[in-house]
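See structure below.
The values are calculated or read from the model by the stated rules, or taken from the named source; none is laboratory data. Computed from a predicted model, the values in this text were never measured in an experiment. Glycine also receives a Cβ, built like all others from the backbone with ideal geometry; neighbour counts cover every protein chain displayed.
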Amino acid sequence: MADPEIKSYAPRQESLSAAVTESRPAKAVLMIVSFAFLGIFLLLPLIVVFNEAFAKGLSDYTEALTSPDTRSAIYLTLLVAAISVPLNIVFGVSAAWAIAKFEFKGKAFLTTLIDLPFSVSPVISGLVYVLLFGAQGLLGAWLKAHGIVILFAVPGIVLATIFVTFPFVARELIPLMQEQGNGDEEAALSLGANGWQAFWYVTLPNVKWGLLYGVLLCNARAMGEFGAVSVVSGHIRGLTNTMPLHVEILYNEYNAAAAFAVASLLAGLALVTLVLKTLLEMRYGAEIAATRGH
Amino acid sequence: MEVRVANVRKEFERFPALHDVSLDIKSGELIALLGPSGSGKTTLLRLIAGLERPTKGKIFFGEEDASQKSIQERNVGFVFQHYALFRHMTVADNIGFGLKVRHGPTRPSAQEIRRRASELLDLVQLSGLEKRYPAQLSGGQRQRVALARAMAIEPAVLLLDEPFGALDAQVRRELRRWLREIHDATGHTTVFVTHDQEEALELADRVVVMSQGSIEQVGTADEIYDTPNSPFVYGFIGESSALPVKVEDGQVWIADRPIGLSAPHAPQGEATLFFRPHDVELVDECNGCIAGTVAASRRVAGTRRVELEIGGERQRVEIELPVNHPAAQKSRVAFRPRRWKLFPTA
């Protein structure tokens with residue numbers, strides 16, 4: 001018994017019906033407005049960044065990037081991302097798993113809570129840590145007595161970064177896991193797999209592209225965060241300055257070339273993220289949940 | 001493996017999905033759970049599998065109480081309605097999954113797993129598709145891979161949830177016959193859920209008719225169709241016509257006329273008369289019959305269905321006539337059901 005109906009699964013091209021397309025002049029105006037807007041507000045600044053960075057030539061550019069303070073800022077930024085991104089993967093996968101696969105009280109509350117960092121100004125989240133861990137703060141005395149330094153040091157920066165970036169992975173995975181339901185996991189269990197095997201062989205592969213997408217956005221934000229980090233860092237050169245903070249300091253010192261050199265690295269990171277994100281969306285769009293627009 | 005469901009009750013957040021259900025499934029039997037949606041048939045299947053735990057009651061696999069065993073310990077092959085194939089694995093990896101996740105000495109070598117997978121693919125007539133991904137298969141092929149995957153673990157019981165529900169009519173019929181052949185060849189005790197009575201009656205050794213969380217009747221296709229034991233089964237299985245009647249002096253009456261059916265053992269009083277539209281005998285002389293006026297007539301394949309209005313109450317019943325029967329055009333038709341059953345009106 002052969003099945004004659006092997007279908008091809010090419011993605012369907014949505015064609016626009018004639019009724020909803022605009023007249024030619026209207027189209028032209030809309031496109032000019034969009035492109036002009038993006039050009040002036042996004043593309044132009046980007047060009048300026050690179051232009052300023054190389055204004056004094058390549059040697060000054062490399063010199064600016066290799067100065068000890070800059071190197072320490074780059075190192076700190078990488079360190080903060082290297083700690084906060086994996087933690088957010090663990091948190092994001094756990095939260096998404098709990099919300100998508102179980103029923104429990106307080107689920108709606110948890111879902112809302114995850115979105116909190118998006119709705120709160122990063123400066124506030126920084127201030128919260130100051131109030132909590134600062135010398136006059138709630139836990140300040142206790143921390144000081146035990147010799148634990150959080151504020152104006154690396155731990156504070158990591159905490160603030162985690163706070164700001166934790167929605168990215170979870171928000172990406174929750175709709176994806178909800179849509180996929182429990183069927184595959186139930187099938188794995190019925191075949192004798194234990195919970196860990198079901199997660200490793202079935203759940204994780206099912207969400208891997210969505211997870212990667214979330215990690216990408218999370219990483220970009222972790223490296224680029226300014227507001228929350230600025231409040232808790234204390235701006236100690238060579239010690240608690242991340243790249244965005246370092247850019248500000250250099251700029252305030254009228255060292256425009258160096259400031260833009262470091263800024264160009266951040267801009268480069270943004271461009272790489274954008275390219276990877278676009279590639280992921282092109283290749284695995286169907287598997288990445290429809291939660292674009294972070 | 002024999003499966004015994006003993007007085008099982010299942011509630012979801014206090015909403016009862018099954019009330020006190022008991023069922024004996026014989027070893028090697030192919031059994032269908034049939035009912036409308038919300039009848040609890042899928043819940044019963046998932047309880048047998050261990051995907052749900054009963055609120056009350058027990059489930060035995062052979063002599064052993066399986067109620068508190070996890071789904072992994074029960075060793076059941078479960079085929080899901082939408083197949084639940086692992087989309088990132090090839091067909092061969094899907095089938096081999098149950099063997100790959102075993103621990104210690106019970107886990108076969110990779111080579112052995114491959115061999116088993118291709119053997120099962122032969123059985124489900126899909127040899128050569130080992131390296132395909134589920135997205136590259138048709139619905140019918142996916143269903144067969146799902147079955148092969150479930151059989152790979154040599155399950156004690158094979159459970160199928162609406163196995164053909166997502167397929168189109170022709171593929172359904174083919175797969176139905178094929179499932180019966182596979183069952184006869186392998187001898188697995190098999191339980192499948194369906195809302196399609198044709199599927200249940202044709203395929204299963206015994207059919208379990210369910211409604212509103214209870215079992216209405218268990219029996220072979222013949223028993224279920226010929227001797228339904230409740231108004232629900234009469235109405236749900238096959239076509240039926242129903243008329244409100246009265247039982248008095250061992251006779252069945254409509255309004256003030258006896259209709260020529262004697263019911264010496266039926267309780268006196270109001271009742272409902274059930275019969276099959278095709279199982280009637282037309283009579284010319286009406287001394288003891290059901291007579292009515294033709295209200296509507298429609299052609300159904302090789303026969304004609306007429307709707308009759310009976311008596312002053314204008315109750316409508318449907319009966320079947322040969323296409324060329326003159327009664328089809330007449331305005332008045334008299335008939336007597338050949339086989340019928342009375343259920344007292346509650």
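Structure values in brief
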{"quantity": "Unique residue being under 30 Å from residue A:205 (Cβ atoms) and over 15 Å from the mean Cα position of the chain (by Cα) when the list is A:94, A:84", "calculated": "A:94"}
{"quantity": "Condition broken by residue B:99, with the remaining ones in (1) surrounded by 21 or more Cβ atoms within 10 Å (Cβ to Cβ); (2) within 8 Å of chain A (Cβ to nearest Cβ) satisfied", "calculated": "(2)"}
{"quantity": "Of all residues in the stretch B:195-205 being surrounded by fewer than 19 Cβ atoms within 10 Å (Cβ to Cβ) and within 17 Å of residue B:182 (Cα to Cα), the one that is modelled with the lowest pLDDT", "calculated": "B:202"}
{"quantity": "Residue B:135 being within 12 Å of chain A (Cβ to nearest Cβ) and either out of contact with any helix residue (DSSP H, G or I) (no Cβ under 7 Å at 6 or more places or on another chain) or over 29 Å from residue B:43 (Cβ atoms) (or both)", "calculated": "yes"}
{"quantity": "Any chance residue B:10 is in contact with a helix residue (DSSP H, G or I) (Cβ under 7 Å, 6 or more places away or on another chain) and over 30 Å from residue A:204 (Cβ atoms)", "calculated": "yes"}
{"quantity": "Single condition residue B:100 does not satisfy, out of (1) in contact with a Phe, Trp or Tyr (Cβ under 9 Å, 6 or more places away or on another chain); (2) within 23 Å of residue B:163 (Cβ to Cβ)", "calculated": "(2)"}
{"quantity": "Subset of the stretch A:186-202 [within 12 Å of residue B:78 (Cα to Cα) and either more than 7 Å from chain B (Cβ to nearest Cβ) or crowded, with 20+ Cβ neighbours inside 10 Å (or both)]", "calculated": "A:187, A:188, A:189, A:190, A:191, A:192"}
{"quantity": "Matching residues in the stretch B:266-290 - criterion: being within 21 Å of residue B:345 (Cα to Cα) and small (Gly, Ala, Ser)", "calculated": "B:266, B:269, B:271"}
{"quantity": "Any hit, the stretch B:266-276, residues being among the charged types (D, E, K, R) and under 20 Å from residue B:235 (Cβ atoms)", "calculated": "yes"}
{"quantity": "Residue, farthest from the chain's Cα centre (by Cα), within the stretch B:284-299, restricted to residues that are in a loop (DSSP other than H, G, I, E, B) and surrounded by 14 or more Cβ atoms within 10 Å (Cβ to Cβ)", "calculated": "B:286"}
{"quantity": "Helices (runs of 4 or more DSSP H) wholly inside the stretch A:132-190 that include at least 1 residues being under 25 Å from the mean Cα position of the chain (by Cα) and touching a residue at least 40 places away in the same chain (Cβ under 8 Å)", "calculated": "A:154-165, A:167-180"}
{"quantity": "One residue from A:222, A:198 being in the same structural domain as residue A:100 (by TED's automatic domain parsing), of a type outside the set (Ser, Thr, Tyr) and within 17 Å of residue A:163 (Cβ to Cβ)", "calculated": "A:222"}
{"quantity": "Only listed residue being hydrophobic (A, V, I, L, M, F, W, C) and free of Cβ contacts under 8 Å to residues at least 24 places away in the same chain, chosen from B:92, B:32, B:17, B:110", "calculated": "B:110"}
{"quantity": "The stretch A:163-183, residues that are surrounded by fewer than 20 Cβ atoms within 10 Å (Cβ to Cβ) and of a type in the set (Asp, Glu)", "calculated": "A:179"}
{"quantity": "Condition broken by residue A:221, with the remaining ones in (1) out of contact with any Ser or Thr (no Cβ under 7 Å at 6 or more places or on another chain); (2) basic (Lys, Arg); (3) crowded, with 20+ Cβ neighbours inside 10 Å satisfied", "calculated": "(1)"}
{"quantity": "Test: residue in the stretch A:203-225 that is part of a loop (DSSP other than H, G, I, E, B), away from chain B (no Cβ under 14 Å) and under 24 Å from the mean Cα position of the chain (by Cα)", "calculated": "yes"}
{"quantity": "Residue tally, condition part of a helix (DSSP H, G or I) and free of Cβ contacts under 8 Å to residues at least 40 places away in the same chain, over the stretch A:56-77", "calculated": "7"}
{"quantity": "Strands (runs of 3 or more DSSP E) contained entirely in the stretch B:1-108, each with at least 2 residues that are among the small types (Gly, Ala, Ser) and out of contact with any Pro (no Cβ under 7 Å at 6 or more places or on another chain)", "calculated": "B:15-25"}
{"quantity": "Enumeration of residues in the stretch B:218-228 that are out of contact with any Asp or Glu (no Cβ under 9 Å at 6 or more places or on another chain) and either outside any loop (DSSP other than H, G, I, E, B) or crowded, with 18+ Cβ neighbours inside 10 Å (or both)", "calculated": "B:219, B:222, B:223, B:224, B:225, B:226"}
{"quantity": "Wholly within the stretch B:229-279, strands (runs of 3 or more DSSP E) carrying at least 3 residues that are under 27 Å from the mean Cα position of the chain (by Cα) and closer than 21 Å to residue B:307 by Cα", "calculated": "B:241-248, B:269-275"}
{"quantity": "Members of the stretch B:185-217 that are part of a helix (DSSP H, G or I) and under 25 Å from residue B:137 (Cβ atoms)", "calculated": "B:185, B:186, B:199, B:203"}
{"quantity": "Matching residues in the stretch A:111-153 - criterion: being buried (at least 17 other Cβ atoms within 10 Å of the Cβ) and closer than 15 Å to residue A:222 by Cα", "calculated": "A:117, A:122, A:125, A:126"}
{"quantity": "Filtered residue count, the stretch B:156-178, keeping only those that are in contact with a strand residue (DSSP E or B) (Cβ under 6 Å, 6 or more places away or on another chain) and either acidic (Asp, Glu) or at the interface with chain A (Cβ under 9 Å from one of its Cβ atoms) (or both)", "calculated": "3"}
{"quantity": "Inter-residue pairs, beta-carbon under 9 Å, first farther than 26 Å from residue A:228 by Cα and in the stretch A:100-118, second of a type in the set (Val, Ile, Thr), 6+ apart", "calculated": "A:100/A:174; A:101/A:203; A:107/A:99"}
{"quantity": "Residues that are surrounded by 12 or more Cβ atoms within 10 Å (Cβ to Cβ) and charged (D, E, K, R), drawn from the stretch A:65-110", "calculated": "A:69, A:71, A:101, A:107"}
{"quantity": "Qualifying residue in the stretch B:107-122 (condition: touching a Phe, Trp or Tyr at 6+ places or on another chain (Cβ under 8 Å), surrounded by fewer than 22 Cβ atoms within 10 Å (Cβ to Cβ) and either among the hydrophobic types (A, V, I, L, M, F, W, C) or more than 10 Å from every other protein chain (Cβ to nearest Cβ) (or both))", "calculated": "no"}
{"quantity": "In the stretch B:68-96, residue nearest to the other protein chains (Cβ to nearest Cβ) [restricted to those that are surrounded by fewer than 19 Cβ atoms within 10 Å (Cβ to Cβ) and among the hydroxyl-bearing types (Ser, Thr, Tyr)]", "calculated": "B:70"}
